[in-house]
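One structure is given here, and the rest of the page talks about it.
The values are calculated or read from the model by the stated rules, or taken from the named source; none is laboratory data. Bear in mind that the values here come from a model prediction, so they are computed numbers and not experimental data. Neighbour counts are summed over all protein chains in view; Cβ atoms, including those assigned to glycine, are modelled from backbone coordinates with ideal geometry. Remember, those area values only see protein heavy atoms, side chains included, never the ligands or the DNA or RNA. Shrake-Rupley method; radii C 1.70, N 1.55, O 1.52, S 1.80 Å.
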Amino acid sequence: VVTVDCSTISPTLFESEMFGYVGGAFTGANPKGKAGFFETADGGTIFLDEIGDISPNLQTRLLRVIQEKQIMRVGSGKIVDIDARIIAATNADLEKKVANGDFREDLFFRLNVIPLSIVPLRHRKDDILPLLKVFLGRQFGLLSPADRRILMEYGWPGNVRELENAAS
């Protein structure tokens, strides 16, 4: 699985990171070129986290890749076939973004094949300790009953990511 946090990639680097580039494509580029995330995920899965944060222009490029199952490295004229399962996630309300014209409707429907809505951690308290056990490993046994009670009573506004961060 190739994981991409779309919210952290600047729009100017998005295409080279997602689709790769050939040597000499731009100043500072690796002279040998570089495979992008889609090429790296070929034959597997690419997870696009925070997909709702990409610009409309980049949404168009992404839609084309999903439809054609092909990419072209920046600076190249060669088309590369790719076969990658796409999983996308976001905290944004994409239906609202589509209604406001901030997210392409056709891309939304391409990505929204099997929608999963995950209830916030604060509404599924029974998951806190099992998740923490995974994050802490053997150190989980060091938690006192008072520690466990505090963890169970906390609201976890940052959801599982906050819990994982608290464990590290």
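Listed values, structure above:
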| item | result |
| --- | --- |
| Search result, residues across the stretch 3-41 that are aromatic (Phe, Trp, Tyr) and open to solvent by 50 Å² or more (accessible area, probe 1.4 Å) | Phe26, Phe37 |
| The stretch 84-141 - residue that is open to solvent by less than 100 Å² (accessible area, probe 1.4 Å) and of a type in the set (Asp, Glu) and, of those, nearest to Ile54 (Cα to Cα) | Asp102 |
| Verdict on Asn30 being over 26 Å from Gly158 (Cβ atoms) and touching a residue at least 40 places away in the same chain (Cβ under 8 Å) | no |
| Contacts under 6 angstrom Cβ, first residue in the stretch 142-168 being assigned to a helix (DSSP H, G or I), partner open to solvent by 40 Å² or more (accessible area, probe 1.4 Å) and of a type in the set (Phe, Trp, Tyr), 6 or more apart | Glu164/Phe135; Ala167/Phe135 |
| Residue in the stretch 42-53 that is open to solvent by 40 Å² or more (accessible area, probe 1.4 Å) and either in contact with a Gly (Cβ under 6 Å, 6 or more places away or on another chain) or at pLDDT below 95 (or both) present | yes |
| Lone qualifier among Glu68, Glu15 - being in contact with a Leu (Cβ under 8 Å, 6 or more places away or on another chain) and within 29 Å of Lys96 (Cα to Cα) | Glu15 |
| Some residue of the stretch 64-72 being under 20 Å from the mean Cα position of the chain (by Cα) and open to solvent by 100 Å² or more (accessible area, probe 1.4 Å) | yes |
| Close pairs (8 angstrom Cβ cut-off, 6 or more residues apart or separate chains): free of Cβ contacts under 8 Å to residues at least 24 places away in the same chain and farther than 17 Å from Asn91 by Cβ in the stretch 47-76, open to solvent by 60 Å² or more (accessible area, probe 1.4 Å) and part of a loop (DSSP other than H, G, I, E, B) anywhere | Lys69/Asp83 |
